Every structure is written in structure tokens, then in C-alpha cells.
Ligand code: DC
């Protein structure tokens, strides 16, 4: 059976990665969370005191090594920044508050898109992000654009952060979601946009099981047609 490329884009906290992971697992495909790459660059910028200095950060780009390492126990890959496991650090609200700003920088996008295309060159990949169906893989056989109301997304994110022990208020999380929506969809380079041929998928009132079943059947249909 020939493999396809699946691009999943959408607003922050729409649950893209949860569904993308399940889909990749069920198809035996590789899963790539591109948001983790932008988050890792953001963490690097914060640690090196260059989070407000794009020029300096661009100079330091060659020193940033990003790797996904497969975690057998979890069944998916995790992000390593210069050899260090950073999955926890990149998911804090501090990183979330800054990541949209960092991902506006064109040179950073160029570097990360190069790495992403390389990871997908043999197909058999489910990649999630903001520009996967529009820029990274415009020829992907299946493109999904996920959305949900800002309230539903903030409520999910708030619960996740509380579960991780972060001290945040719902209002702070909602503000972060709305600000990221604005920056992600208004930036100059590769703004968040639904590709013309993407399937729009609103999961405001949809449970995980139903989401997975729908996505899985989209994928099987396309795989069958492609072979
Ligand atoms: O998917 P996420 O929330 O982890 O992504 C974090 C940020 O990274 C998001 O606010 C915008 C940026 N991003 C991007 O610009 N392009 C991508 N392909 C993925 C993420």
C-alpha cells in the first residue's frame, strides 16, 4: 500500500496533536509536531537572552540542533534541543506567550521548513502545524484544517496547564489563545490559513473518539484512491 502525506493545520489548542498522534499510530506513519520545533527555538532564545533580539537569534541559529527521538513507551517522538529532552519546558505558558513572536521570523521559518520537508520526503507522515498544507507540503494528499471556538480551546488548555501544576487563570489562558490566533493569522510570512483544498474540521462539540473515527476514514478513503 503506497503511503501518503497528511497535513493537519489549525488554530492553537484545537487538539491537532492528539488526533495526529492517534492517526499516525493507526496507519503506522511517522508523526511530527512542528509546533514543538518553534517552541524549542523559543526556549533556546529565552535561555540565551535573545528572545527580544531577532538579529542576535538569527546569528545563533546554526547553534540550534533540533531532534525528534522516538519514545517507545509513549509511542511517539519527543523533542530534544541540543541533545536535551525539553518536552516539559516547551509546553509552559511562558514559552506559549512568546512562541508566536519567534515564529514570525522568516529565517527561522526557512530553517524549520527545510527540516520538515526532509522528514517527509518518503511520505508516510502525519505533520501538524500552521503552514503544513500551504507551505511545507502543498501537494499533501490529505489536508485537514482544524478549528474550535476560542472558549472551547482555552478551556481545554486551562485544564491541561492546571493538570501540569502551572498556576494560571482561565482569563490568562484565553488571552494567550486569542493573541496567538491574531499573530499566527496576521504574520507576514506563512500566516495560518486554510489551504483551498483542505477539509475544514470544527471540533467544538466533538469528543476524541468521534474525531479520530472521522479522520481515520478520511485517511483510508484517500489512501485507497491514491493506490
Ligand atoms: O501547535 P503549537 O501551539 O504547539 O504551536 C506553537 C506556536 O508555533 C504557534 O503559536 C505558532 C507556531 N507555529 C508556526 O508558526 N508554524 C507551525 N508550522 C507550527 C507552529
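Values quoted throughout were computed directly from the atomic coordinates according to the rules given, and no laboratory measurement underlies them. Since we're looking at a predicted model, the values are computed, not measured. Cβ coordinates were reconstructed from backbone atoms using ideal geometry, including for glycine residues, and neighbour counts include every protein chain displayed.
Things worth noting here:
- Helical content of the chain, expressed as a calculated mean residue ellipticity at 222 nm, amounts to -15000 deg cm²/dmol (DSSP H runs of 4 or more residues, -39,500 (n - 2.57) each, divided by residue number, nearest 500).
- Computed from the C-beta positions of residue 122 and residue 199, the FRET efficiency with R₀ = 30 Å rounds to 0.80.
- Calculated log₁₀ intensity ratio I(q)/I(0) where the Debye formula runs over C-alpha points of the stretch 78-174, q = 0.12, 0.18 Å⁻¹: -0.54, -1.12
- Based on Cα contacts under 8 Å between residues 6+ apart, the chain shows a relative contact order of 34 percent.
- Our compactness index for the stretch 159-223, the C-alpha radius of gyration over the empirical 2.2 N^0.38 Å, is 1.51.
- Hydrodynamic radius by Kirkwood, which averages 1/r over all alpha carbon pairs of the chain, in angstrom: 17.9
- Sorted peptide list for 27-36, 106-115, criterion being average Cβ within 10 angstrom, highest first: 27-36, 106-115
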